[in-house]
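What follows is a single structure, written as structure tokens, with notes after it.
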Amino acid sequence: MELQEKIPVPIFTEVDRDVFLREICPQRRPAVLRGVPLGPCLEKWTVEYLGQKGRDKPVKIHVSTVPQMDFLRKNFVYKTLPFNEFVKRASEKKHSDFFLCEDESYYLRSLGEDVRKEPADLSKQFPDLAEDFHIPHFFEPDQFFSSVFRISSCGLQLWTHYDVGVTCRIFLCYILQILPSGDKSEVLDIDAPDLKRFPEFVKAKRYECVLEPGDLLFIPALWFHNTTALQFGVGVNVFWRHLPADSYDKKDPYGNKDPVAATRALQALERALRALDELPADYQDFYGRRMIQRIQKQTYCDGLSATSAQEDSDSTLTSRQFTKPG
């Protein structure tokens, strides 16, 4: 069976704040922005330079025996290394020093000082490196949520997930694949999914791009995405809030918890489904369909691009393919 349609992510050049807010952001579709001024990081951030600037600061990292890291099944372990040693290992394909095996894969997602409450901020966790990186001024300063420093081994593929805020990913070497449709997906290998378990996956439209050094990828909120590092990968994710501040969970340091109202709605749905379990199957079917019709009438919006009712009725993945751990 042929897999889903692949669509190239459009590339835009000479994008300033006005162009971004007027022509790109409202479309709610991914876009590669090329030529955005990002500072001297593109020239400076070599393995040696990163190690010198980060020195022996301890960092908590993911380590896996395979290049595909799976958040749901936890096929990795957490370890701590001095930053300069981590960068050295992550840049290698074979390791003389290792935790699990000589070709293990590494992944760093920088954390706030209080990992349970404080979002990552490059200027706080790595101030010397932050001087080299200029955050694009696409949104108001009070909308800024986090700047996440990421480093990964060559070949590393991260689990498919979505974020609830607007994201700009600045990568040096990555391929990124995006699926429009909680937070994590059970479909890890999007190139070879288990179509017996997830037959609807073939209906999803797949946006794909290869990012060149200095490219900035705009990912609208709620779009599932999956990354593979073609080389030793270094990048920064910048997250902005675009809903009112009280819409977000205040205990969300990662920027991927569902909005408070959405969480309440999903919890209410679970209670409603448990109530239907008390009825015979034919009654469950009848009232389940009534609930679906009510949800469609209340929530589907024809005007939205990536998440409109007409497009998503054919292109999104079934809800059972997405689970939110914890």
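The values are calculated or read from the model by the stated rules, or taken from the named source; none is laboratory data. Keep in mind that this is a model prediction, so the values were computed, not measured. Glycine gets a Cβ as well: all are built from the backbone with ideal geometry, and neighbour counts include every protein chain shown. SASA here: full protein model, heavy atoms, side chains in, ligands and nucleic acids out. Shrake-Rupley method; radii C 1.70, N 1.55, O 1.52, S 1.80 Å.
Computed quantities for the displayed model
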quantity	calculated
Residue satisfying all of: in segment 255-285; open to solvent by 60 Å² or more (accessible area, probe 1.4 Å) and touching an Asp or Glu at 6+ places or on another chain (Cβ under 8 Å); nearest to Ser146 (Cα to Cα) among these	Lys257
Any pair with Cβ under 6 angstrom, 6 or more apart, that starts in segment 203-217 at a residue that is farther than 12 Å from Leu42 by Cβ and ends at one that is of a type in the set (D, E, K, R) and buried (at least 20 other Cβ atoms within 10 Å of the Cβ)	Leu217/Arg169
Hey, Leu172 more than 12 Å from the chain's Cα centre (by Cα), surrounded by fewer than 20 Cβ atoms within 10 Å (Cβ to Cβ) and modelled with pLDDT under 85 or not	no
Only listed residue being among the β-branched types (Val, Ile, Thr) and open to solvent by 20 Å² or more (accessible area, probe 1.4 Å), chosen from Ile151, Ile135	Ile135
Leading residue by the ranking (surrounded by the fewest Cβ atoms within 10 Å (Cβ to Cβ)) among those in segment 197-227 that are touching a Phe, Trp or Tyr at 6+ places or on another chain (Cβ under 7 Å) and of a type in the set (Phe, Trp, Tyr)	Trp223
Residue in segment 9-30 that is more than 27 Å from Gly255 (Cα to Cα) and in contact with a strand residue (DSSP E or B) (Cβ under 8 Å, 6 or more places away or on another chain) present	yes
Condition met for Phe133 (within 17 Å of Leu50 (Cα to Cα), assigned by the TED database to the domain that holds Asp215, out of contact with any Lys or Arg (no Cβ under 6 Å at 6 or more places or on another chain) and assigned to a loop (DSSP other than H, G, I, E, B))	yes
Qualifying residue in segment 247-255 (condition: assigned to a loop (DSSP other than H, G, I, E, B), modelled with pLDDT of 90 or more and over 18 Å from the mean Cα position of the chain (by Cα))	no
Lone qualifier among Leu42, Leu50 - being open to solvent by 30 Å² or more (accessible area, probe 1.4 Å), part of a helix (DSSP H, G or I) and aliphatic (A, V, I, L, M)	Leu42
Filter pass, His242 being under 25 Å from Arg17 (Cβ atoms) and either open to solvent by less than 60 Å² (accessible area, probe 1.4 Å) or at pLDDT 90 or above (or both)	no
Residues of segment 138-148 classified as open to solvent by 20 Å² or more (accessible area, probe 1.4 Å) and part of a loop (DSSP other than H, G, I, E, B), total	2
Residue check for Gln125: of a type in the set (S, T, N, Q), assigned by the TED database to the domain that holds Gly214, open to solvent by less than 30 Å² (accessible area, probe 1.4 Å) and modelled with pLDDT of 95 or more	yes
Filtered residue count, segment 53-75, keeping only those that are open to solvent by 60 Å² or more (accessible area, probe 1.4 Å), closer than 17 Å to Leu129 by Cβ and within 22 Å of the chain's Cα centre (by Cα)	0
Subset of segment 45-74 (residues that are at pLDDT 95 or above and of a type in the set (S, T, N, Q))	Gln52, Ser64, Thr65
Hey, Phe98 open to solvent by 20 Å² or more (accessible area, probe 1.4 Å) and either assigned by the TED database to the domain that holds Pro193 or assigned to a loop (DSSP other than H, G, I, E, B) (or both) or not	yes
Hey, Tyr78 open to solvent by 20 Å² or more (accessible area, probe 1.4 Å), within 30 Å of Cys25 (Cβ to Cβ) and assigned by the TED database to the domain that holds Phe232 or not	no
